[in-house]
Structure formats: structure tokens, C-alpha cells
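Peer 1: Here it is, the structure, as C-alpha cells.
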Amino acid sequence: MLAAAIGLSIASQEVRGEEGTPPFPLMAWDYADDEETLQKMADCGINLVAFVPPEALDICHKLGIKAIVYQAGITPAHWAAPFNAEEANKTLPDLIKRVNDHPAVYGYHLKDEPDHSQFPELAKSVKVVHDLAPGKWAYINLPPGMGEGYDGYLDVYVNTCHPKILSYDNYPIGQEGNFSYGFWANIAQVRNAGLRHNLPFWNIFLSSAHLTYGEPSEAALRLQAYGSLVYGAKGLCYYKFISRELPILDAPELGDFRNGPLDQFGEKTHTWNWMRNMNRQIQNMGPTLLKLKSDVVYHVGDVPEQNRGVGEDTLVKGLKSGSDFAIGDFTHEDGSRWVMIVNKSLTHSTTLVPEFRDAVAKLEYLSPISGKMKEISPYYCLPPGQGVLLKPTFAPPAAEVSEK
């Protein structure tokens, strides 16, 4: 499988978004070098593309897109070959010298899904990027995983390569339309590694069926996106944007790429419209999402492996309707508390009636349509896979009220 966060200083670089607001990073994990394709990506709400050759950087800048620069000779010619820093570092310094000042450059592609034996070699090239292109992303994406061994893998990676972001991929959609518990186990461990090492993380998830992965429904696309945001992801990435083989890295023709945002002929599909709608919602919420610190993530209903349920430390103690939710408690940089609730059902909409541990005087939500705060209705419903970002105003303690 050929899949695909940087500190907030990088995550907040100006990319496509409303002027004066920090856009939330939304990346197409794909190769693009022509204006027609890049325009379709930009129109869909994509503001970052991996991967782009140097000659297409002017097009990206024209369209308001940032780019992870791909240059042959840096990453191995075959996608699965081990990384060789000696070979990469013959090309990397010159590439940085030529393009680093270009306004579209966001980072440089080094390697996808390395095993731990490649970390020492990768660290040599990461250092080159950090030394010659400070603030740019030395892009390495990690494979999916779970369990004790994966915790160790993440820690060795961070301690060896010193990344500014954790990026990984996980494709949970099965051919029967099922959503794998591994998505929740994997993201919980990546989040925990980010907390251990004070690093943000990005998640790459499925937007085009291939191999034995299923065709994402609109609900499954939402659940992957909001399921990442509820854990505090600071960037979302789509694999793939175009339903055809990757024309770099000696990637094989798999034969069954389908129903990505662009089809095999580069035409827009129903997924393009689903993604555009979702990206608009996320960008409206983006300025707030980027200012939230994840405090705790918990599940109501089924509690997946590596995860936890409601506890004495959670803002929400239950819900009066629905049966399966992922919930994240956050603290805003201004000190306010926020809660994201995600409906994990892929088939059923549910009325949102959360029960908070402490009395709530006022409950607002951040509208993904307007980007404005609105007081929530008792009839507010979450569609399948959808999340909502709530801001509770807690009532003062009874003793405090009586003193007044």
C-alpha cells in the first residue's frame, strides 16, 4: 500500500483559505503537475498537495496551494526500497537551494512507510532539511499499526529522526462497508505518542477504493475526517485524489482504483462533491480547531482497543440518545473548554442530547456552515459519521451563587 504534523508554526503557514484566518491543512496524497488537475484539487478545498515536482510550483502558487516537493533521486526510485541518505543528500541540498524560497514550498518528500531500520538514514536527510530549510517539512509518513510494538516504533522514530509532525495512514473501510476498529486503536496510539513528545499529528485516510479496501460512502468519509479531528489531528490527508496508479516511485498498476474525487480519466465524481462539502465545513471550523489542545478522548457505546470510556475526568458523562460516539474534550488557547462529539454510526442519524458532568448554563456549537457560534437546539441531529464542536458555559457552583 502506497500511502501517505508539523508544529503549529508550520501547520499555520498561509495556504488556501480565507484571508486573515489560518486555514486547516487539507492535503491530497497524490502526484499532480498540471494546472487542470491542480485546479480541480483547489476547487475541492485542497490546500496542500503531495507530491509536486519543482516545475509545477508556479501553478500551485497561482492556485493558492502549498506543495510537498517531489524530486527523483531523493526518495528511492521504487516505493518499497530502503532509504539511502548518501544518495538523497547528493540531490537534496541543490533542490533546497533552487526552490526553498518559492512561496508554494511546504516541505520535501523523503520516504513513505519506512521500517525502523531506515530511521538512522532518514535522520541524516531530515537534518539537511532542518539545517538548510528551517520551518519546512522533512516529509516522512509512517505505516499503520497498533499494540506495544507500535508504541516502541513511534518512540524510536521520534527520538531518531526528530520530526516536527507525526504523519501516518490508516484505511478502515472494508469491502462489506464495515469500519475497522483498527482506525480507533491506531489513532489513539499516534495521539498518545504526540502527547509524549509534544508533537501534533496528521492522519491519511481512504478516499479512493483500491486493493481490498472498500468504496467510501459519504458517511464513511465524514467518519474518517471527524474521527481524526475528535482525537486532535491538526491536518487531514486523502488517499488518493485521482483513481489511478501513482505515476512516480515505480508504483504498480493495481487495476481497481475507483470512486476517488477524480476518476481514472480525471473527471469529477460524486466523491469530489462529498469532499468539497466536508472541506468547506472543516475550513469554517479550522481557525478554532487549530487553537484547541486535546485533553482526553473517550467512547460511549463500543470502546475500541487502546481506547477508554467515560470517566470522572470527562466533561460528558453520557448521551440520552444514540448508542455509539467518540468524544474529545479540549482546552482552547484562551482557556475555554470545548467538546467534539462524533456519531460513529454509518447508517443512522441521531439526536444530540449530551449529559455533562457539571451543570451547563449555555450550550453553543460552532456552525460548520457559517463558522459562527450558535446556541444548540434540543432537536439538533448528527448525521452518520458527522461531528459537532460544542462550547459549554458551565453554571457557577451553588455556593458561589448563594454568596452573590
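The values are calculated or read from the model by the stated rules, or taken from the named source; none is laboratory data. Given the structure is predicted, the values throughout are model-derived calculations rather than measurements. Cβ atoms come from the backbone with ideal geometry, glycine included; neighbour counts cover every protein chain shown. Calculation scope for accessible area: heavy atoms of the full protein, side chains included, ligands and nucleic acids excluded. Shrake-Rupley method; radii C 1.70, N 1.55, O 1.52, S 1.80 Å.
Peer 1: Tell me, what ³J(HN,Hα) does each residue in the range 107-112 have, in order and in whole Hz, if you take phi through Karplus 6.51 cos²θ - 1.76 cosθ + 1.60 with θ = phi - 60° and put x for Gly and Pro?
Peer 2: x, 10, 6, 9, 7, 10
Peer 1: In the range 325-404, what GluC sites (Glu not before Pro) fall in a loop by DSSP, with at most 11 other Cβ atoms inside 10 Å?
Peer 2: Values: sites: E333, E355, E364, E375, E400, E403; in loops: E333.
Of the GluC sites (Glu not before Pro), the ones in loops of the range 325-404 whose Cβ has at most 11 other Cβ atoms within 10 Å are E333.
Peer 1: Further question: Given H placed 1.01 Å from N in the peptide plane, which residues other than close sequence neighbours of F356 have an amide H under 5 Å from its amide H?
Peer 2: Close amide H contacts, sequence-distant or interchain: K317.
Peer 1: Quick one: pull the percent of accessible area on the chain belonging to carbon and sulfur, 1.4 Å probe, ligands and nucleic acids left out. Can you show the working numbers first?
Peer 2: Details: 8000 of 16200 Å².
For the chain, the apolar C and S fraction of the accessible surface comes to 49 percent.
Peer 1: How much accessible surface does R244 have with a 1.4 Å probe, in Å² rounded to 10?
Peer 2: 90 Å²
Peer 1: In terms of the Cα gyration tensor, with a ≥ b ≥ c the square roots of its eigenvalues, is the range 339-393 rounded because a/c is under 1.5, prolate because a/b exceeds b/c, or oblate?
Peer 2: Numbers: a/c = 2.05, a/b = 1.34, b/c = 1.53.
Judged from the Cα gyration tensor, the range 339-393 comes out oblate (a/c at least 1.5, b/c at or above a/b).
Peer 1: Ok, one more. Please give the calculated 222 nm ellipticity per residue for the chain, where each DSSP H segment of at least 4 residues contributes -39500 (n - 2.57) and the sum is spread over every residue; nearest 500 deg cm²/dmol?
Peer 2: Details: 10 runs with 117 residues, N = 404.
Roughly -9000 deg cm²/dmol at 222 nm, from the helical runs in the chain.
Peer 1: Something else about it: Which order do you get for L346, L289 if you rank them by accessible area with a 1.4 Å probe, largest at the top?
Peer 2: Values: L346 50, L289 10 Å².
Order by accessible area, largest first: L346, L289.
Peer 1: Another question, then. For the chain, list log₁₀ I(q)/I(0) at each q in 0.07, 0.13 Å⁻¹, using the Debye formula over Cα point scatterers of equal strength and ignoring solvent, two decimals each.
Peer 2: Reported log10 I(q)/I(0), two decimals: -0.31, -1.08.
Peer 1: Hey, could you pull the Cα Rg and Dmax for the range 99-172, both in Å?
Peer 2: That works out to 13.0, 42 Å for Rg and Dmax.
Peer 1: Expressed as a whole number of Å, what is the distance separating the alpha-carbon centroids of the range 306-335 and the range 215-286?
Peer 2: One Cα centre to the other: 27 Å.
Peer 1: Can you tell me the dipole magnitude for the chain around its Cα centre, using point charges on the Cβ only (Lys, Arg +1; Asp, Glu -1), in Debye to the nearest 20?
Peer 2: 980 debye
Peer 1: Let me ask something additional. Taking a label point 7 Å from the Cα of T347 along the Cα→Cβ vector, which residues of the range 180-194 have an amide N closer than 16 Å to it?
Peer 2: Only 180 fall inside the zone, counting backbone N under 16 Å.
Peer 1: With every protein chain left in place, what is the accessible area per residue of the range 254-404 in square angstrom, probe 1.4 Å? Intermediate results must be reported in sequence, preceding the final value.
Peer 2: Working: 7290 Å² over 151 residues.
Accessible surface, normalised per residue, equals 48 Å².
Peer 1: Around G45, which amide H atoms from residues at least 5 apart in sequence, or from another chain, sit under 5 Å from its own amide H, with H modelled in the peptide plane?
Peer 2: none
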